[in-house]
Amino acid sequence: MTAAERTPVVLLHALSLDSTMWHALSQALRERGHPVLAPDQRGFGGTPLGDAPPSLAVVVDDLARDLDERHFDRVALVGASLGGYVAMAFLRRHPDRVAALGLVSTRAAADTARERAERERFAELVTDQQARGALVAATTPRLVGATTRATRPEVLAAVQAMVDAAAPESIAWAQRAIAGRPDAFAVLRAADIPALVVSGAEDELIDRSEPERMASALPRGRLVTIPTAGHLPPVETPEALTVALLHLLDSAHQEVSG
């Protein structure tokens, strides 16, 4: 099978990180012939924030333009954390363009009033020069699991470097965009495509019931729990995540060729 025949894969990064979090997985997918697009989302990496009000719809429009420019009609859409929210928002708007779906360390439920208030408070603190250092120091280690913190300090250091490089205004914008998202369970129930939900057993940010509910909502959903991963399997356990994603992509290809 040629690269042109393989499903293009889009990898959407987590909040406060950038596209480099997908480096290992992107390389593995390309070695197997898949075209891969791992964009820096609005405000992160090399992408300007712009002046649009916070909304995931804006990020969805950015992604749709990226796909059009590359002549990618249908893709396997994979998102982690923030990237998962964007993936579900894209699926809501462009269901015909998603051939397969991968959701990693994310939630389909809308935020509660309390959670929205917490995101707003985070947005305020992260843009406060005096408060930001303590906020980042307290929250960044929780992005990875206990096993990673104890045995792979270089992974936490890489995550810390990405967080430190992120513009506070971009983090605040993204938090507010996430806070405004609607519930996505109806979107998942309508998605009759190969789908994968991945969670880290050591994720300290997502309740264990969330990925189970999402996988159950998806007509063809499959749940994979990675034992030694926290909130960021793409950087903590890229090999295990690659295996799971290749299974998803094989399912998508069999559907097209069958």
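Computed from the coordinates by the stated procedures, all read-outs in this text should not be read as laboratory data. Everything quoted here is computed from the prediction, not taken from an experiment. Every residue, glycine as well, gets a Cβ built from its backbone with ideal geometry; the counts of neighbours run over all protein chains shown.
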Between Ala165 and Leu49, the two model label points (7 Å from Cα along the beta-carbon direction) sit apart by a distance in nm of 1.8
Farthest towards the positive end of the dipole of region 131-213, among Ala131, Ala146, Ala177 and with Cβ unit charges of +1 on Lys and Arg and -1 on Asp and Glu, lies the Cα of Ala131
The set of residues whose placed amide H lies less than 5 Å from the amide H of Ile226, leaving out same-chain residues fewer than 5 positions away, is Ser199, Gly200, Ala201
Net charge near Arg121 (other residues with Cβ under 12 Å of its Cβ; Lys, Arg +1; Asp, Glu -1) is -1
Here region 46-51 yields Karplus 3J(HN,Hα) values (6.51, -1.76, 1.60; θ = phi - 60°; whole Hz; Gly and Pro given as x) of x, 9, x, 6, x, 10
The Rg/Rh figure for the chain, Cα atoms and Kirkwood Rh, to two decimals is 0.94
With the label point 7 Å along the Cα-to-beta-carbon line of Asp61 and a cut-off under 20 Å to each amide N, the hits in region 15-46 are 39-44
Across Gln27, Gln160, Gln129, the residue with the highest GNM fluctuation in the chain (Cα network, 10 Å cutoff) is Gln129
Per the 1/(1 + (r/R0)^6) rule, R0 = 51 Å and r from the Cβ atoms of Thr112 and Arg30, FRET efficiency to 0.05 is 0.80
Distance in nm between Ala131 and Glu69 label points, each 7 Å along Cα→Cβ, equals 3.5
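When only Cα pairs under 8 Å and 6 or more residues apart are kept, what is the percent relative contact order across region 3-257? Don't jump to the answer; show the numbers that get you there.
Working: 478 pairs, mean separation 59.0, N = 255.
This gives 23 percent for region 3-257.
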Answer in debye to the nearest 20: the dipole magnitude of region 1-82 about its Cα centre, from +1 Lys/Arg and -1 Asp/Glu charges placed on Cβ, is 280
Amide H contacts under 5 Å for Gly102, restricted to residues at least 5 apart in sequence or on another chain and with H modeled in the peptide plane, are Leu77, Val78, Gly79, Leu196
For the chain, the dipole about the Cα centre with charges only on Cβ (Lys and Arg +1, Asp and Glu -1), to the nearest 20 debye, works out at 360
